[in-house]
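S.K.: Quick one: this structure, given as structure tokens, is what I'll be asking you about.
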Amino acid sequence: MAINPETTVRKIVSIPRELWDGISDYRFDQRMNTEAEAIRRLLQLGLAAQKAGYAVKATGEICKKDE
């Protein structure tokens with residue numbers, strides 16, 4: 001896949017092992033071809049959930065923002 005520098009931003013991030021294991025599990029459960037595809041999809045889902053009024057507590061529990 002060619003990368004268009006006008007529409008694509010590349011970032012390097014450190015991810016805790018436990019979080020990475022969850023991303024990897026998601027990738028295989030969803031039968032995604034690449035790690036990048038899984039990360040992009042999870043970011044999209046998280047942003048959509050936030051926009052819909054959901055948040056994640058420090059415990060990992062998902063709740064409406066007003067709870």
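The values are calculated or read from the model by the stated rules, or taken from the named source; none is laboratory data. These numbers were taken from a predicted model, which means no experiment stands behind them. Note: ideal-geometry Cβ built from the backbone for every residue, glycine included; neighbour counts use all protein chains shown.
Here's the yes/no breakdown for (1) on the phi > 0 side of the Ramachandran plot; (2) at pLDDT 90 or above; (3) surrounded by 10 or more Cβ atoms within 10 Å (Cβ to Cβ):
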| position | (1), (2), (3) |
| --- | --- |
| Val13 | no, yes, no |
| Leu42 | no, yes, yes |
| Leu45 | no, yes, yes |
| Lys64 | no, no, no |
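S.K.: Within region 22-31, count every residue that is part of a loop (DSSP other than H, G, I, E, B) and surrounded by 10 or more Cβ atoms within 10 Å (Cβ to Cβ). If you could, list the steps in order and put the result at the bottom.
M.R.: The first filter runs over region 22-31 and keeps only residues part of a loop (DSSP other than H, G, I, E, B), leaving 30-31.
Next, from what is left, pick out any that are surrounded by 10 or more Cβ atoms within 10 Å (Cβ to Cβ): 30.
Qualifying residue count for the region: 1.
S.K.: I've got another one for you. Kindly provide the set of residues from region 1-21 that are in a loop (DSSP other than H, G, I, E, B) and within 18 Å of Val56 (Cβ to Cβ), ordered by number. Please lay out each step first, then the result.
M.R.: Taking region 1-21 as the starting set, the residues that turn out to be in a loop (DSSP other than H, G, I, E, B) are 1-16.
Result: Val13, Ile15, Pro16.
S.K.: Separate question: Sort out which residues of region 1-25 are hydroxyl-bearing (Ser, Thr, Tyr) and under 14 Å from the mean Cα position of the chain (by Cα), and write them in order of number.
M.R.: Within region 1-25, the subset hydroxyl-bearing (Ser, Thr, Tyr) is 7-8, 14, 24.
Within region 1-25, Ser14, Ser24 meet the criteria.
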